[in-house]
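One structure below.
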Amino acid sequence: MESKKILVALDRCAPAEAVFQQALDITRQESATLLLLHCLQVEHPAELAPIIGTGVGLDPSSNRTFLRLEQQQLQQEIDNVTTWLQEFAARALAEGISVETQHQIGDPGATICKLATDWGADLIIMGRRGRQNWQEIILGSVSKYVLHHSHCSVLIVQDAS
């Protein structure tokens with residue numbers, strides 16, 4: 001298998017270190033380029049309604065306050081993800097591997113597949129959370145989605161713990 005462009009989808013809850021190590025091993029063998037990706041899922045205000053109540057009795061400025069807090073929280077998460085991805089990128093660069101990082105906001109499965117197509121990836125490497133039975137039915141499976149919708153090969157790295 002000759003892979004010249006490898007998209008590595010990293011999730012802070014999945015076995016990121018094992019996924020990254022697998023990507024490094026394959027990249028060394030193939031003299032490939034890496035694209036490290038993390039997808040952020042953003043909750044919409046409508047999804048937050050049960051958390052903050054019905055809104056009855058709130059003045060109009062409350063909505064602006066919630067939106068401002070949501071934006072601040074999102075920016076903080078983007079900053080954290082950027083730093084986290086840069087740590088992985090620095091390790092790849094130290095080994096002489098060409099690497100890019102990217103974060104995107106959206107549904108992880110669809111985002112991974114679209115970016116892989118747009119970037120021209122030959123291979124996607126990603127982890128698996130290991131959800132089973134009802135959790136997978138309710139919450140879905142990003143790895144399963146990518147396996148069924150990707151235009152290229154997909155390597156799923158199992159969590160060894």
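Values quoted throughout were computed directly from the atomic coordinates according to the rules given, and no laboratory measurement underlies them. Bear in mind that the values here come from a model prediction, so they are computed numbers and not experimental data. Quick reminder, even Gly has a Cβ in these numbers, built from the backbone with ideal geometry, and neighbours come from all protein chains shown.
So who's got an amide H within less than 5 Å of the one on residue 157, skipping anything under 5 residues away but keeping other chains? H placed 1.01 Å off N, in plane.
Correct list: 126, 127, 128.
Please list 3J(HN,Hα) in residue order for segment 17-28, calculated via the Karplus relation 6.51 cos²θ - 1.76 cosθ + 1.60 where θ = phi - 60°; whole Hz, with x for glycine and proline.
These are the phi-based 3J(HN,Hα) values: 5, 5, 4, 5, 4, 4, 4, 4, 4, 5, 5, 4 Hz.
When all C-alpha to C-alpha distances in segment 65-106 are sorted into bins of 5 Å, what percent of pairs does each bin hold, rounded to whole numbers?
Binned Cα distances yield the sequence 5, 21, 21, 18, 13, 9, 7, 4, 2, 0.
If packing is taken as the average number of other Cβ atoms within 10 Å across a peptide's residues, how do 95-108, 69-82 rank, most packed first?
Working: 95-108: 15.5, 69-82: 12.5.
In descending order of packing, they fall as 95-108, 69-82.
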